[in-house]
């Protein structure tokens with residue numbers, strides 16, 4: 001065994017013999033030499049267990065050459081010091097490699113999500129982390145009251161679940177700005193669905209947004225920005241989770257693109273609600289609940305914790321004030337569009 005690792009055992013037998021002859025401890029230079037050889041072994045990819053066995057085998061061989069009557073405790077103490085120093089160097093190199101790998105991974109993630117690198121070079125680096133940027137990808141972003149961190153129990157739990165279910169099928173899981181991010185191939189939508197399910201089950205009060213699939217390296221950035229936009233929209237208009245799909249929310253940025261026109265629509269259609277007793281807010285909340293419930297009065301009443309009769313009264317009041325009937329399919333569209341605009345613009349809490 002020792003022959004295979006001879007270069008990492010150079011001088012080891014001499015050190016043991018010198019210690020046993022004089023009873024001294026290993027010198028600083030000897031210890032540093034052992035640490036250096038441990039680092040080289042780690043850089044060569046040789047496992048520590050094999051190297052420890054090689055040191056023990058070399059110690060047994062050295063013992064046979066020691067003068068009769070040599071105190072075996074001296075040999076054991078020297079072996080203990082030597083192996084400890086060698087292992088320290090090996091572990092030091094391993095930790096350095098891990099830090100360098102983490103730094104490279106973090107740099108890659110930043111470049112990938114912000115599109116700051118040459119696309120050709122980025123595609124080459126992506127293969128190292130299991131992504132093929134020539135294919136289409138979609139991105140899911142999760143947030144929770146407690147920020148996600150690399151190596152934290154929640155992040156590790158989600159990662160372990162993904163690996164157990166899908167193996168290493170071109171999936172990138174990382175954190176960014178306290179959010180948990182998953183990049184997956186577009187042809188495997190079940191990956192992001194599982195990611196969302198596990199995140200919601202593991203992290204309290206989490207919300208996951210999933211961007212649409214887009215091709216190429218730029219597609220990852222696009223999908224990531226869509227997911228972030230969905231989370232921002234959820235904050236602004238109070239969308240419910242636990243999972244939001246950017247594809248289902250495309251109407252919101254379209255409606256909000258012309259703020260002046262939307263403000264005019266809200267003032268014209270919903271402005272009369274401000275004349276109601278208690279102001280516009282109770283009636284507007286009723287509209288939101290009614291539309292969110294699929295225009296089912298009983299479900300809207302449940303969400304508002306009101307009686308069906310009370311909700312029906314409010315809907316009738318809205319009809320009389322605005323001239324638009326929420327129950328009429330033709331007029332409902334105008335009311336619902338205006339209600340969406342009110343959410344986007346923060347009306348009636350903010351002046352239009």
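The values are calculated or read from the model by the stated rules, or taken from the named source; none is laboratory data. What you are looking at is a predicted structure, and each value in this text was computed from that prediction instead of being measured. We place every Cβ from the backbone using ideal geometry, glycine too, and count neighbours over all the protein chains shown.
Side notes on the structure shown:
- Search result, residues across region 170-205 that are part of a helix (DSSP H, G or I) and crowded, with 18+ Cβ neighbours inside 10 Å: 191, 192, 194, 195, 196, 198, 199, 200, 202
- For residue 24, the conditions (1) more than 30 Å from residue 100 (Cβ to Cβ); (2) in a helix (DSSP H, G or I) all hold with the exception of (2).
- Options 217, 234; residue that is outside the structural domain of residue 285 (by TED's automatic domain parsing), farther than 26 Å from residue 323 by Cα and in contact (Cβ under 8 Å) with a residue 40 or more places away in the chain: 217
- The listed residue being within 12 Å of residue 270 (Cα to Cα), assigned to a helix (DSSP H, G or I) and either under 43 Å from the mean Cα position of the chain (by Cα) or touching a residue at least 40 places away in the same chain (Cβ under 8 Å) (or both), out of 300, 342: 342
- The residue that is nearest to residue 175 (Cα to Cα), among those in region 116-149 that are surrounded by 15 or more Cβ atoms within 10 Å (Cβ to Cβ) and under 13 Å from the mean Cα position of the chain (by Cα), is 148.
- Breaking point among (1) surrounded by 17 or more Cβ atoms within 10 Å (Cβ to Cβ); (2) out of contact with any strand residue (DSSP E or B) (no Cβ under 8 Å at 6 or more places or on another chain); (3) under 30 Å from residue 225 (Cα atoms); (4) free of Cβ contacts under 8 Å to residues at least 60 places away in the same chain, for residue 286: (3)
- Qualifying positions in region 207-243 - buried (at least 22 other Cβ atoms within 10 Å of the Cβ) and farther than 19 Å from residue 135 by Cβ: 207, 208, 209, 230
- Of the criteria (1) assigned to a helix (DSSP H, G or I); (2) without any contact (Cβ under 8 Å) to a residue 12 or more places away in the chain; (3) farther than 30 Å from residue 149 by Cα, which one residue 100 fails: (3)
- Residue 16 being farther than 28 Å from residue 98 by Cβ, modelled with pLDDT of 85 or more and either part of a helix (DSSP H, G or I) or not assigned by TED's automatic domain parsing to the domain that holds residue 89 (or both): yes
- Qualifying residue in region 253-271 (condition: outside the structural domain of residue 209 (by TED's automatic domain parsing), within 30 Å of residue 224 (Cβ to Cβ) and not in a helix (DSSP H, G or I)): yes
- Candidate set: region 235-249, residues that are touching a strand residue (DSSP E or B) at 6+ places or on another chain (Cβ under 6 Å) and not in a loop (DSSP other than H, G, I, E, B); chosen: the one farthest from residue 198 (Cα to Cα): 245
- The listed residue being surrounded by 15 or more Cβ atoms within 10 Å (Cβ to Cβ), in contact with a helix residue (DSSP H, G or I) (Cβ under 8 Å, 6 or more places away or on another chain), without any contact (Cβ under 8 Å) to a residue 40 or more places away in the chain and over 30 Å from residue 131 (Cβ atoms), out of 83, 79: 83
- Checked against (1) touching a helix residue (DSSP H, G or I) at 6+ places or on another chain (Cβ under 6 Å); (2) surrounded by fewer than 17 Cβ atoms within 10 Å (Cβ to Cβ); (3) under 22 Å from residue 214 (Cβ atoms), residue 70 passes all but a single condition, namely (3).
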